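**Q** Below you will find the structure I want to go over with you.
The values are calculated or read from the model by the stated rules, or taken from the named source; none is laboratory data. A quick note: this is a predicted structure, and the numbers were derived from the prediction, not measured. All Cβ positions, glycine included, derive from the backbone under ideal geometry; neighbour counts span all protein chains shown.
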Amino acid sequence: MIKKSNKPGSRKKKIILYYILAVVLPGIILGYLAYRGIRNDQALRGKESLKKLEMTSGAFFNAIDSSFHLLMNEQKTSSPLYNSGKHDPSLLAFIVKDIGGSAKLISHQLLYLTTELMTVQPEKPNLQANLKEGLRLEYIERRYPEAIRFYQDRILHTSDTAEKIQAMVAAARLYNRTNQPDRAKAIYDEIRQNYPGSLLNGEIPIALMASLEILKINQAMGEMDELNTNSRQYLKLLRYPSCEYDKNQFELFYQSFKEIVQEIGPVLDSLLRELDRQKARTETLIRILTGPDLILTSGYGQWKGKKME
């Protein structure tokens, strides 16, 4: 037979052990879990507060940025110089630094822009499907009268401006190809008058393209008076562009004009010299706007550099 141990020390140790297991250890665990819960709750509230602060500050600065843009656009459009087509040569560009930290042009007098300075990035429309039948008639079957009727139908019935412009260009092209230059010229003139700020296929300044085609028709038909008049309009479009495009396109239209118009009188010569001066200003200002000389502070910008001449 085995006898129980009745030693007081052994019994005391057991009581202490049971107390630790039943009371102390669970208390420590529960206390730790409670502490973790409090910390997590504090962190969550901190994240929510930070998010609310970011949203509030973002809305605040967005409102300031939008208001400034609206103000500058209102000043631009309400200016007598702007509405009269005349431009103050001292006001070369309005530029701000947006919330993302990049420089943004509000308005400018530059002849052309680099990609990063474009105020609006144009989308390239995919309209080939809508004009597929006309392209088939024109280029594959060479049934020009039917192709013209197709394009004219699209001009009359489409509600999409980009598609209408593309159909007008195609119709004018075919009228010219079928020895109907007067009809082609009439469509190009309508394009030039009604869509000065539009881009063909999201890339080509349509008013300049139409004006260039008119110059080609004037030259081919020996219409010297019209050629001189349209030449002045063409150089005005180059000097005061109604839409944004890059340097390569500008040079293409500039050199094309010189190839078509060989005889330059005093008026055209003066316009060309002014255009050359503005080309130099444009190059200098683009270097300043895209280089380290640009200083941006407190959300709005100003620049330093050599004096424009």
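Each row is one residue, and each column tells you yes or no for (1) surrounded by fewer than 19 Cβ atoms within 10 Å (Cβ to Cβ); (2) modelled with pLDDT of 95 or more; (3) in contact with a Gly (Cβ under 8 Å, 6 or more places away or on another chain); (4) in the same structural domain as ASN230 (by TED's automatic domain parsing).
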residue: LYS124; (1), (2), (3), (4): yes, no, yes, yes
residue: LEU135; (1), (2), (3), (4): yes, no, no, yes
residue: HIS157; (1), (2), (3), (4): yes, no, no, yes
residue: ASP160; (1), (2), (3), (4): yes, no, no, yes
residue: ARG183; (1), (2), (3), (4): yes, yes, no, yes
residue: TYR188; (1), (2), (3), (4): no, yes, no, yes
residue: LEU199; (1), (2), (3), (4): no, no, no, yes
residue: GLU203; (1), (2), (3), (4): yes, no, no, yes
residue: LEU208; (1), (2), (3), (4): no, yes, no, yes
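The rows are residues; the columns are (1) modelled with pLDDT of 95 or more; (2) surrounded by fewer than 19 Cβ atoms within 10 Å (Cβ to Cβ).
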{"site": "SER211", "(1), (2)": "yes, no"}
{"site": "ASN218", "(1), (2)": "yes, no"}
{"site": "MET224", "(1), (2)": "no, yes"}
{"site": "ASN230", "(1), (2)": "yes, no"}
{"site": "TYR234", "(1), (2)": "yes, no"}
{"site": "LEU237", "(1), (2)": "no, no"}
{"site": "PRO241", "(1), (2)": "no, no"}
{"site": "ASP246", "(1), (2)": "no, yes"}
{"site": "PHE253", "(1), (2)": "yes, no"}
